[in-house]
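Since the structure comes first, as structure tokens, the remarks are kept for the end.
The values are calculated or read from the model by the stated rules, or taken from the named source; none is laboratory data. Keep in mind the model is a prediction, meaning the values are calculated, not measured. Note: ideal-geometry Cβ built from the backbone for every residue, glycine included; neighbour counts use all protein chains shown. Surface areas here come from the heavy atoms of the whole protein model, side chains and all, with no ligands, DNA or RNA. Shrake-Rupley method; radii C 1.70, N 1.55, O 1.52, S 1.80 Å.
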Amino acid sequence: LGLPERADVPLVGFIGRLDYQKGVDVIEETLPWMMGQDVQLVMLGSGREDLEAFLRRAEQDNSDRVRGWVGFSVKTAHRITAGCDMLLMPSRFEPCGLNQLYAMRYGTAPV
């Protein structure tokens, strides 16, 4: 991923469509708080232009702790899910879906 490897901090991930329904704006609102914690964050998705800009800006402003990939790749999504400690699921309309099931299969806690 290009982030410094730090076994002592949780790696948090988000994978999904960048849309209000998926709650990406909640991640955007809480990013300053998250960056005050000792965590690393990886996000993958595409959709609304303003939320794509958020992913790019989050990485640019926190390059040692955040990766934000605009686009989608099934292989990359599975690698992120498998490598994270927690997978953020702030979805407003889908309390359980494939990403949660994949996360549990990989031993990643869906939150």
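Among M43, M89, M34, the residue with the largest mean-square fluctuation in a Gaussian network model of the chain, with springs joining Cα atoms closer than 10 Å, is M34.
For the chain, the relative contact order comes to 33 percent (Cα pairs under 8 Å, sequence separation of at least 6). Scalar couplings 3J(HN,Hα) for segment 2-10, obtained by applying the Karplus form with A = 6.51, B = -1.76, C = 1.60 to θ = phi - 60°, are x, 7, x, 7, 9, 5, 8, 10, x Hz; x denotes Gly and Pro.
Here r is the Cβ-Cβ distance between R56 and F93 and R0 is 22 Å; the resulting FRET efficiency, rounded to 0.05, is 0.30. When the Gaussian network model of the chain links Cα atoms closer than 10 Å, the mean-square fluctuations of L51, L41, L101 top out at L101. For the chain, modelled as a GNM whose springs connect Cα atoms under 10 angstrom apart, the maximal fluctuation among G45, G16, G36 occurs at G36. Distances between placed amide hydrogens fall under 5 Å for R67 paired with L41, V42, M43, all partners being 5 or more residues away or on another chain. Only protein atoms count toward the accessible area here, which uses a 1.4 Å probe; on segment 21-111, the carbon and sulfur part of that area reaches 53 percent. Per-residue 3J(HN,Hα) values for segment 44-56, derived from phi via the Karplus relation 6.51 cos²θ - 1.76 cosθ + 1.60 with θ = phi - 60°, read 9, x, 8, x, 4, 4, 5, 7, 5, 4, 4, 4, 5 Hz in sequence order (x marks Gly and Pro). Dipole of the chain computed with +1 at Lys/Arg Cβ and -1 at Asp/Glu Cβ about the Cα centre; of Q100, V70, Q60, farthest Cα towards the positive end is Q100. Dipole size of segment 22-111 about its Cα centre, with +1 on Lys/Arg Cβ and -1 on Asp/Glu Cβ: approximately 400 debye, rounded to the nearest 20.
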